[in-house]
1. Does at least one position in segment 220-241 carry a residue that is more than 24 Å from the chain's Cα centre (by Cα) and either in a helix (DSSP H, G or I) or under 21 Å from Gly138 (Cβ atoms) (or both)?
2. Would you point out which residue out of Ala159, Ala170, Ala204, Ala155 is more than 19 Å from the chain's Cα centre (by Cα) and in the same structural domain as Ile22 (by TED's automatic domain parsing)?
3. Residue by residue through segment 128-162, note down the ones that are outside any loop (DSSP other than H, G, I, E, B) and surrounded by 18 or more Cβ atoms within 10 Å (Cβ to Cβ).
4. Determine, yes or no, whether Ala247 is assigned to a helix (DSSP H, G or I), under 17 Å from Thr194 (Cα atoms) and modelled with pLDDT of 95 or more.
5. For segment 1-30, how many residues are farther than 18 Å from Arg167 by Cα, of a type in the set (A, V, I, L, M) and modelled with pLDDT of 95 or more?
6. Only one residue in Gly98, Gly56, Gly43, Gly8 is crowded, with 18+ Cβ neighbours inside 10 Å and either on the phi < 0 side of the Ramachandran plot or in the same structural domain as Glu164 (by TED's automatic domain parsing) (or both). Which one?
7. Find all pairs meeting these conditions: Cβ atoms under 8 angstrom apart; at least six residues apart or on different chains; first residue within segment 202-219 and closer than 18 Å to Gly230 by Cα; second residue aromatic (Phe, Trp, Tyr).
8. Looking only at helices (runs of 4 or more DSSP H) that lie completely in segment 21-127, which have at least 2 residues being among the polar types (S, T, N, Q)?
Amino acid sequence: MSNTTAAGVPFQTIGIIGCGLIGCSIAAALKMRGFRGRIVGCGRAGANLETAAARGHIDAAETDLAKGARQCDLVVVCTPVDHIVHDVRLAADACRTGTLITDAGSVKQTICGPLSHGIPPSVTFIGSHPIAGSEKQGCAHASPDLFENRVCVVAPDPATPRHEVDRLGAFWRSLGLAVVEMSPEDHDRALAQTSHVPHVVAAALAASLTAQNQGLTAGGFQDTTRIAAGDPELWTAILLANAEAVADGARGFSECLAALVRAVETRDKRALVELLRSAKTNRDAATFRNEPPA
């Protein structure tokens with residue numbers, strides 16, 4: 001674990017709206033890193049909220065979003081991307097003056113755009129995306145180490161006060177994340193290439209597996225298609241929310257795949273070696289878990 005702690009986080013009560021994998025991992029990381037305040041978990045009555053309370057990730061459970069948000073000076077909305085705008089608005093209408101609200105959605109334009117207006121001026125919303133996760137879902141799979149040495153994108157509106165951006169950055173860094181500021185547009189183009197298109201590719205590869213070959217898969221197929229095991233409803237919402245950038249990225253991937261297919265079909269060893277060498281170079285240059293960017 002990195003030497004950052006949550007003991008000095010500039011918030012007394014943090015609300016987690018949506019106690020699934022990401023929300024409960026945030027709560028668990030805060031607890032493990034010494035957060036001295038109170039964590040309120042908000043969500044529908046059910047297994048996630050019960051598990052969050054039973055495992056001590058949260059100090060209080062609320063099924064009334066507004067009632068939970070009213071207690072907090074930081075609210076983190078971790079619901080599916082097609083629910084976030086609605087949930088932020090509900091929280092903002094209930095929050096006390098000075099409350100900071102953020103989210104953990106993996107798209108930003110369809111969230112930050114609508115929320116740039118129409119919420120009370122007494123609270124501040126800043127979009128975020130901690131780039132971490134798993135194909136598994138639910139609080140039962142939460143981990144306090146999920147964010148260790150990962151990156152969180154923060155996408156403030158140009159009019160957002162600097163001290164609010166700094167407060168939010170301090171919160172994410174306390175969980176072990178490096179913080180990068182980007183515009184919502186730049187974020188969505190980048191994540192299409194690094195996350196959303198890879199999910200499409202993994203799904204297509206998994207979908208093309210024939211029934212007679214399902215018993216012949218091994219490590220290569222498992223590694224390449226792992227993320228295809230993610231929740232189809234959740235990923236449908238993500239892909240549609242970033243449809244243009246995903247389509248552009250998928251076309252770029254299709255061109256690379258077509259070049260590989262041509263090289264194989266024509267037995268062009270030189271072209272195939274160069275394409276595979278380029279792929280290896282890019283793969284080796286990418287940063288992954290426990291390898292923070294320079």
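1. Checked segment 220-241: at least one residue is more than 24 Å from the chain's Cα centre (by Cα) and either in a helix (DSSP H, G or I) or under 21 Å from Gly138 (Cβ atoms) (or both).
2. Ala159 is the lone residue from the list that is more than 19 Å from the chain's Cα centre (by Cα) and in the same structural domain as Ile22 (by TED's automatic domain parsing).
3. Ser128, His129, Pro130, Ile131, Cys139, Cys152, Val153, Val154, Ala155
4. Criteria met by Ala247.
5. Of the residues in segment 1-30, the ones farther than 18 Å from Arg167 by Cα are 1-3, 17-25, 28.
Within this subset, residues satisfying the condition of being of a type in the set (A, V, I, L, M) are 1, 17, 21-22, 28.
Cutting the leftovers down to modelled with pLDDT of 95 or more gives us 17, 21-22, 28.
Total meeting the criteria: 4.
6. Going through Gly98, Gly56, Gly43, Gly8 in turn, just one is crowded, with 18+ Cβ neighbours inside 10 Å and either on the phi < 0 side of the Ramachandran plot or in the same structural domain as Glu164 (by TED's automatic domain parsing) (or both): Gly43.
7. Short answer, once both residue conditions are applied: Ala203/Trp235; Leu205/Phe221; Leu209/Phe221.
8. 47-54, 109-112
The values are calculated or read from the model by the stated rules, or taken from the named source; none is laboratory data. Because the structure is a prediction, the values reported are computed rather than measured. Cβ coordinates were reconstructed from backbone atoms using ideal geometry, including for glycine residues, and neighbour counts include every protein chain displayed.
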